[in-house]
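One structure below.
The values are calculated or read from the model by the stated rules, or taken from the named source; none is laboratory data. Since the structure is predicted, the reported quantities are computational estimates derived from the model, not experimental observations. Here the Cβ positions follow ideal geometry from the backbone for every residue, glycine too, while neighbour counts run over all protein chains shown. Ligands, DNA and RNA are excluded from the accessible area calculation, which covers all protein heavy atoms including side chains. Shrake-Rupley method; radii C 1.70, N 1.55, O 1.52, S 1.80 Å.
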Amino acid sequence: MSVNDLFGAAFEEARAAAAAGEVPVGAALVRKGSVIAAAGNRTLRDRDPTAHAEMLVIREACATLGSERLVDCDLYVTLEPCAMCAAAISFARIGRLYYAASDPKGGAVEHGPRFFSQPTCHHKPEVYGGIRESEAAQLLREFFQARR
């Protein structure tokens, strides 16, 4: 499967989150080419500020695999992760991070604190941004325009 194909589950989750009134961000955690966890944002539904798509898939994958380390896993997410999610990605030792749209306001990978570049960061995944960026940006734009 190509990187574009593997992003499919993350985009499905982002669209489902939007339909539920959540910010349309989706994530999929992949191991050996198979999706082992996928989720969209659920902060409103769960009344939990940590219920970002990335956090949810990391929790689910750790439970599924019976380990707090996801070293042989890749994370696909439709928006550049925030500082909280970047820290969780580092702590979980995820090997590769693929994200679609950049987030100049809240992102922490290429923007803001650039979490993985900090000397206090113990593990830096390989990072690939901008994949299907226009599709993710359009999904976010439409969501926020509908709320104005």
Percent antiparallel among DSSP beta bridges with both residues in the chain, to the nearest 5? 55 percent
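What is the sum of charges around Val71, taking Lys and Arg as +1, Asp and Glu as -1, for the other residues whose C-beta is under 11 Å from the C-beta of Val71?
Taking every other residue near Val71 into account, the sum is +1.
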DSSP loop trypsin sites (Lys or Arg not before Pro) in the range 80-115 with at most 12 other Cβ atoms within 10 Å of their Cβ, which ones? Lys105
For the chain, report the accessible area per residue in Å² (1.4 Å probe, heavy atoms, rounded to an integer). 50 Å²
Using a simple charge model, +1 on the beta-carbon of Lys and Arg, -1 on the beta-carbon of Asp and Glu, nothing else, what dipole does the chain show about its Cα centre, in debye to the nearest 20? 240 debye
Do any chymotrypsin sites (Phe, Trp or Tyr not before Pro) in the range 42-145 lie in a loop, going by DSSP, with at most 14 other beta-carbon atoms within 10 Å of their beta carbon, and if so which? none
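About the Cα centre of the range 1-86, what is the dipole size in debye to 20, counting +1 per Lys and Arg Cβ and -1 per Asp and Glu Cβ, all else neutral?
Charge dipole of the range 1-86: 140 debye, to the nearest 20.
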Could you tell me which of Thr120, Gly40, Ser134 has its Cα farthest along the dipole of the chain towards the positive end, charges placed at Cβ (Lys, Arg +1; Asp, Glu -1), taken about the Cα centre? Thr120
For the range 109-118, Karplus couplings with θ = phi - 60° (6.51, -1.76, 1.60), whole Hz, Gly/Pro x: 9, 9, 10, x, x, 6, 3, 6, 8, 7
With all protein chains present, the range 16-76 has a carbon and sulfur share of its accessible area (1.4 Å probe) in percent of 53 percent
